[in-house]
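Report on the following structure.
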Amino acid sequence: MSISLAPPHVSEQTFTGLRCKECGHMYELGPRHVCEDVCFGPLEVVYDYDRIRSRVSRATIEAGPTSIWRYRDFLPVAEEPIDVGTGFTPLLRAKRLGRALGLNNLHVKNDGVNMPTLSFKDRVVSVALSRARELGFTTVSCASTGNLANSTAAIAAHAGLDCCVFIPSDLESGKILGTLVYNPILMAVKGNYDQVNRLCSEVANTYGWGFVNINLRPYYSEGSKTLAYEVIEQLGWQLPNHIVAPLASGSLFTKIRKGFQEFVQVGLVDDKPVRFSGAQAEGCSPIAQAFQEGRDFIKPVKPQTIAKSIAIGNPADGPYAIDIANRTGGNIAAVSDEEIVEGIKLLAETEGIFTETAGGTTVAVLKKLAEQGRIQPDELTVVYITGNGLKTTEAVASSIGQPFTIEPQLASFHTAWEQAQASHPHLT
Ligand SMILES: *Cc1c(COP(=O)(O)O)cnc(C)c1O
Ligand SMILES: [Zn+2]
């Protein structure tokens, strides 16, 4: 009998190659994202599910770290990953929001408190930079709508990687400060995200850098699957009936589906139909427009919305997102900037969760679909909140209350309290 000294993760990695989503052509596990040899389709990581099935169980997962790395057999990282505590964010039973919307079984997955930078992007970046490091990159980069730059700069700092990130120059101050504090090189490009992304593709071809959402995109996007795994586990090892999530490129949406399917495939959860509904801002809604018009292709738009973090005018995974919404009996809808602000306030007032504009978009679409009867009252529904409101305070600053400024005397408080009661009749 021989004893293997190598840890199993090194000798038996579960991911085996990259495959073109369009034509199926296989590629080796390098830093590449398009099907260069055949059709220029996007590449996706392929796994050996028999190997995963033989290795994982509910018990092994539950015994793992309270981060995305409890699912590491489902992630494309071979060596010791960068673990900054990303993932395993709260899933809250949203009784008060549910009551407001007529939904009896609503849950909020709150990635606004993700680590280290308070958005779902920490998931994809933790995976991408772990992979970047093992592929030998020493400088990492990204084309960002804001949160991705925060996350890439922070996790690169933790891992000691050099970092140069690109954003549109008109981002919210919280997103800019929340990148600069980690002291990366920050390129603020005078243009929209789609122009930033095109520039970055050229940089990626010229400089030997690891761009998390360009040449590392197949690895990066796998990180979003953990939003599916965690929900299954936190619901007591079952699938929901309906999910509502925001759409920028559409990647997150498609990977939540892949995550659900994988847990079914390896026998961790029983199969059942899950409806997928997506949220966009009217000022940048190319996927919602295509869905509403029954198209399966995207007409690119120029973004004009307060929901900057999801303002992608030419979304790469748009057609896949439309296909999923159609197949599953879901919907893709858009809401106005005013509705987005109302969505932020509604979630804050009913559940005590302060989300950014992307979350406001998602809550507003949830409300719209519930009002239209497109979400049934008893469906087990999960709404994905992907970012934190303290990063986009501009969006709500003029739509919320003011403090009562008083003297440090009881009489002054007394007068103010009477005014407060007059404007808030439920106070006693
Ligand atoms: C990036 C982002 C999304 C969506 O990203 P996809 O490109 O669709 O994967 C959603 N919410 C927030 C807050 C984001 O930063
Ligand atoms: Zn191909």
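What to note about this one:
- Residues of segment 213-232 satisfying the condition of being aliphatic (A, V, I, L, M), farther than 17 Å from GLN265 by Cβ and more than 14 Å from the chain's Cα centre (by Cα): ILE214, LEU216
- The residue pairs whose first member lies in segment 260-278 and is assigned by TED's automatic domain parsing to the domain that holds VAL382, whose second member is β-branched (Val, Ile, Thr) and part of a loop (DSSP other than H, G, I, E, B), and whose beta carbons are closer than 9 Å, counting only pairs six or more residues apart or on different chains, are PHE260/VAL269; PHE260/VAL274; PHE263/VAL269; VAL266/VAL56; LEU268/VAL56; ARG275/ILE375; SER277/ILE375.
- Lone unmet requirement of (1) touching a helix residue (DSSP H, G or I) at 6+ places or on another chain (Cβ under 7 Å); (2) over 20 Å from LYS308 (Cα atoms) for ASN205: (1)
- All conditions but one from (1) surrounded by fewer than 20 Cβ atoms within 10 Å (Cβ to Cβ); (2) more than 30 Å from GLU349 (Cβ to Cβ) apply to GLY85; the one that does not is (2).
- If you go through segment 398-428 and pick out every residue that is closer than 27 Å to SER309 by Cα and in a helix (DSSP H, G or I), you end up with 2.
- The selection criterion, being within 30 Å of GLU12 (Cβ to Cβ), in contact with a Ser or Thr (Cβ under 9 Å, 6 or more places away or on another chain), outside the structural domain of VAL365 (by TED's automatic domain parsing) and assigned to a helix (DSSP H, G or I), holds for ARG123.
- Residue count for segment 13-44 under the criterion of being surrounded by 17 or more Cβ atoms within 10 Å (Cβ to Cβ), more than 9 Å from ligand 2 (Cβ to nearest atom) and more than 20 Å from LEU129 (Cα to Cα): the result is 1.
- Here GLY236 qualifies as under 29 Å from LYS258 (Cα atoms) and either of a type in the set (Phe, Trp, Tyr) or in the same structural domain as SER251 (by TED's automatic domain parsing) (or both).
- Residues within segment 386-415 that are under 30 Å from VAL113 (Cβ atoms), hydrophobic (A, V, I, L, M, F, W, C) and exposed (fewer than 10 other Cβ atoms within 10 Å of the Cβ), tallied: 1
- The single condition among (1) in contact with a helix residue (DSSP H, G or I) (Cβ under 6 Å, 6 or more places away or on another chain); (2) outside the structural domain of ALA228 (by TED's automatic domain parsing) that ARG96 does not satisfy is (2).
Condition check ((1) surrounded by fewer than 24 Cβ atoms within 10 Å (Cβ to Cβ); (2) in contact with a strand residue (DSSP E or B) (Cβ under 7 Å, 6 or more places away or on another chain); (3) of a type in the set (A, V, I, L, M, F, W, C)) across all residues:
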site	(1), (2), (3)
PHE291	no, yes, yes
ARG295	yes, no, no
VAL301	yes, yes, yes
ILE310	no, yes, yes
ASN331	yes, yes, no
THR357	no, no, no
LEU366	no, yes, yes
VAL383	no, yes, yes
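- Inspection of segment 155-165 identifies no residue that is among the acidic types (Asp, Glu) and closer than 18 Å to SER309 by Cβ.
- Subset of segment 319-360 (residues that are in contact with a Leu (Cβ under 8 Å, 6 or more places away or on another chain), within 9 Å of ligand 1 (Cβ to nearest atom) and under 16 Å from GLY278 (Cβ atoms)): ALA321, GLY359
- Cβ pairs under 9 Å, 6+ apart, first in segment 372-397 and part of a loop (DSSP other than H, G, I, E, B), second among the aromatic types (Phe, Trp, Tyr): THR386/PHE120; VAL396/PHE354
- Single unsatisfied condition, VAL127 versus (1) aliphatic (A, V, I, L, M); (2) away from ligand 1 (no atom under 16 Å from the Cβ); (3) closer than 25 Å to PRO90 by Cα: (2)
The values are calculated or read from the model by the stated rules, or taken from the named source; none is laboratory data. Remember, it's a predicted structure, so these values are computed and weren't measured experimentally. No Cβ is skipped: glycine too gets one built from the backbone with ideal geometry, and neighbour counts run over all protein chains shown.
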